[in-house]
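Working notes, beginning with the structure itself.
The values are calculated or read from the model by the stated rules, or taken from the named source; none is laboratory data. From a predicted model like this one, the values you see are computed outputs, not experimental measurements. Cβ: placed from backbone, ideal geometry, glycine included. Neighbour counts: every protein chain shown. Accessible surface is based on the protein model in full, side chains and every heavy atom, while ligands, DNA and RNA are left aside. Shrake-Rupley method; radii C 1.70, N 1.55, O 1.52, S 1.80 Å.
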Amino acid sequence: MSFAADLLAGHALAYARLIASAPGSGAADGSAPAAARLREGVELRVKALPWWAVLLASGAAFALRWLLPFIFLGKPRRFDRLGPEQADEVLRRLQLVSSPLVRGPFMALKSVVHAGCYADPKKLETATIPPGCSPPRTPGLPAQAARGERTEETALNETKISPPGCLPPHPSGQGRSGTRGGKRFDIIVAGSGAGGGAAAARLAAGGCRVLLLEKGPAASVPDDPMAAVYRYYTQCCFVASMGNAMIPIPTGTALGGTTVINSGTCLRTPADLLERWEKAGGGRFDKAGFSRFLDEAWERLKVKRAPEATLSGSSKIVLEGLARLGIKTGAPLDRSEDGCAGSGRCCFVCPRDAKMTSAKAFLSPLADDPNLTVATGAELVGVRAPRPGRGPVSVVVRDSGHPRGRTLECGELVLAAGALATPYFVRAFRLGPAWRLAGDGLSLHPAGKVFAHFAEPVRGWEGVPQGVGVEHPQDPAIRCEGVFTPRATSAVTMALEGSRLRWWLDRYDHVAAFGYMIRDEARGSVRYPLGPGLPLIRYDLSPADIRRLAAAARFVGEIFLAAGAERLLLPFNRPGNEVADLGRLEEETGRPVRPEQLYSMAFHPLGTCGMGRVVDEDLRLAPGIHVCDGSVVPESLGVNPQMTIYAFALRLADRLLGSRSAAGSACPGALP
């Protein structure tokens, strides 16, 4: 890793001359102290990255430093020895290369460099806390407590959580002799997001002895948002689909799953989809019954409309632009929060513990319930379905205390590892009659955002980032919602390089942003040739999806121009993506865009174990095994999915508890 750090730091110093200037940069002046700070930031980033991401970034740094000046300029000279104009030209040409084989490594390199330039190295140290049998704790936590700011970890330490690497004993003591490992639970739930957390809590409250497994740690509040990306985003946010476009797919790995790092937006399952599921279910799916679980989740999450006082500058600008366009459907969004102060950190662990994650809403209230045991840093690695005659389900769990795995038994297993991970277990262990279909049917909600520069300061990082939403007036499959991220992360997602990128970063306090997503027609797949940690995601945007993404960018651009924007940056990786008037906006969004030219992301992977295809309407996969996460959602929702997943979880738990009552047993998975 030292060689990689040397290579990346050397490139970062040269790169910083072009993209990092005085406002907020850690390496603006080229002095020895600034260079040392930059190197420290790069080294910390390298320590936090997955090994394969380090290789990608190192390869990109080597190519840029030694090869690309000759390829693009015909000059056999190192990048860091080029003049500013020549170096800028190399970066401009590199930016326009849309092939994922080039763009992927280059994006990895940019993430390292921008973190080094714009994040304080001292604040990044929380990204590399060594694992051990003690909960992670962020430096400065007592000061946060003194300010009355309760962190995610503060709340959850009140719940019975087994520290990483320390799987708990069964609450009732040793299991039946002959059980390997001696540990039995009525139900084991793998994954603690909206599906797993809510299901585990409801089952424990209903009298079942439940073990909840979470691969990630209990989240604490880092001083810098980038540290949250390194710690709580799956693979440090280096997960992407490959196909006719490269689409990053951020998900969470922490106690609470993706609810820890989502925006907190709550939207109900569209009524037309519920009607379709009811019709397809042959009486086993009831729209009215599902709506009652949506109501319950709404109440448990304390959902409320975002107040005007907490809206970000970007959101207020969007509302102004919509009013000038005569569009009245835009409004503040409903959000799961209790005491939000508009800290602007929803996606990077709420510093006030105000966001109602699955952990806070469902697990924390059971702090004193002996039926619920939570194990963080514990990864499910093996599953064996019951033998004929309905014996126990056997699972193998690995943590730092048991690196080779430990076998546990339960009466019921609930897989809730997410739409990108759950199919691995189904396919690898051939669970259920439709196991070959697991991993297919992937929907993603492809998304993008438009940046806008204004004459007056915006300070978009202050206030709720996703506080306002609006549906496209002509196409209900397009939904626009607020978004704003720190400068270091925005620098990676802007379709610019060199001096043009620096122009936007230098003026970031005057920049607004607004995002959009579409109900996609395309369907993809996920496979695991390299194991569950490195899924191979295949997804090709359809022509209709591409047209919708372009139309969404045009709509958001019109909103910003109506509000007085001086310049727009469109998410198209091609010349001409900066526009300053409506005519240029219409021209740029009207001409065809190739899928590989789109700068997009996707936040809601769904459907890979779809209801009615891989699992039945009761979410049953095989005897003793159910699935409850975004993978069971049978089609693209077109709205943020957490409410739908919560409702599926409560519905599953109630059905399992109902089967207990019908059988007269203590729990659906009760073992003798």
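Near the amide H of G524, within less than 5 Å, lie the amide hydrogens of G441, L442, S443, all on another chain or at least 5 residues away, with H placed in the peptide plane.
Ignoring aspartates and glutamates fewer than eight residues from K328 along the same chain, the ones with Cα atoms less than 19 angstrom from its Cα are E308, E320, E471, D475, E481, E558.
A cut-off of 5 Å between modelled amide H atoms, ignoring neighbours fewer than 5 places along the same chain, links L372 with V210.
Can you give the percent of C-alpha pairs in segment 399-517 whose distance is more than 16 Å? It works out to 75 percent of all Cα pairs. What percent does the relative contact order of segment 441-487 come to when contacts are Cα pairs within less than 8 Å and at least six residues apart? It rounds to 32 percent for segment 441-487. Ranking Y528, Y508 from most to least accessible surface, computed with a 1.4 Å probe over the protein chains only, gives Y528, Y508. Expressed as a rounded percentage, what relative contact order does segment 201-328 have, with Cα pairs under 8 Å and six or more residues apart? Relative contact order here is 14 percent.
Please list, in order, the residues from segment 226-240 whose amide nitrogen is less than 19 Å from a point placed 7 Å along the Cα→Cβ vector of L534. It comes to 234-240, nothing else.
Contact order, relative form, for segment 337-418: 17 percent (alpha carbon pairs under 8 Å, 6 or more residues apart, mean separation divided by residue count). If you bin all the Cα-Cα distances of segment 572-630 at 5 Å, starting from zero, the percentages per bin are 4, 15, 17, 10, 8, 6, 7, 9, 9, 9, 5, 2, 0.
Using just the alpha carbons, could you tell me how many Å³ per residue the convex hull of segment 534-627 encloses? Intermediate values should be presented prior to the final figure.
Working: hull volume 14.2 nm³, N = 94.
So the per-residue hull volume is 151 Å³.
Potential lengthening of the chain between R404 and E521 amounts to 37.9 nm, from the contour at 0.36 nm per residue minus the alpha-carbon distance. Here segment 190-327 is treated as a sphere whose radius is the Kirkwood value from Cα pairs; by Stokes-Einstein at 10 °C and 1.306 mPa s it diffuses with a coefficient of 85 µm²/s. When all protein chains stay in place and ligands, DNA and RNA are ignored, the 1.4 Å accessible-area order of E521, E471, largest first, is E521, E471. Bridging of K287 to aspartates and glutamates at a Cα separation below 20 Å is possible for D272, E275, E278, D295, E296, E299, D616, E617, D618, D629, E635, D654, once same-chain residues fewer than 8 apart are set aside. Among the listed pairs K302/K355; K302/K360; K215/K302; K304/K360, a Cα-Cα separation exceeding 20 Å is found for K215/K302.
Per residue, the solvent-accessible area of segment 536-672 (1.4 Å probe, heavy atoms of protein chains only, all protein chains present) comes to 32 Å².
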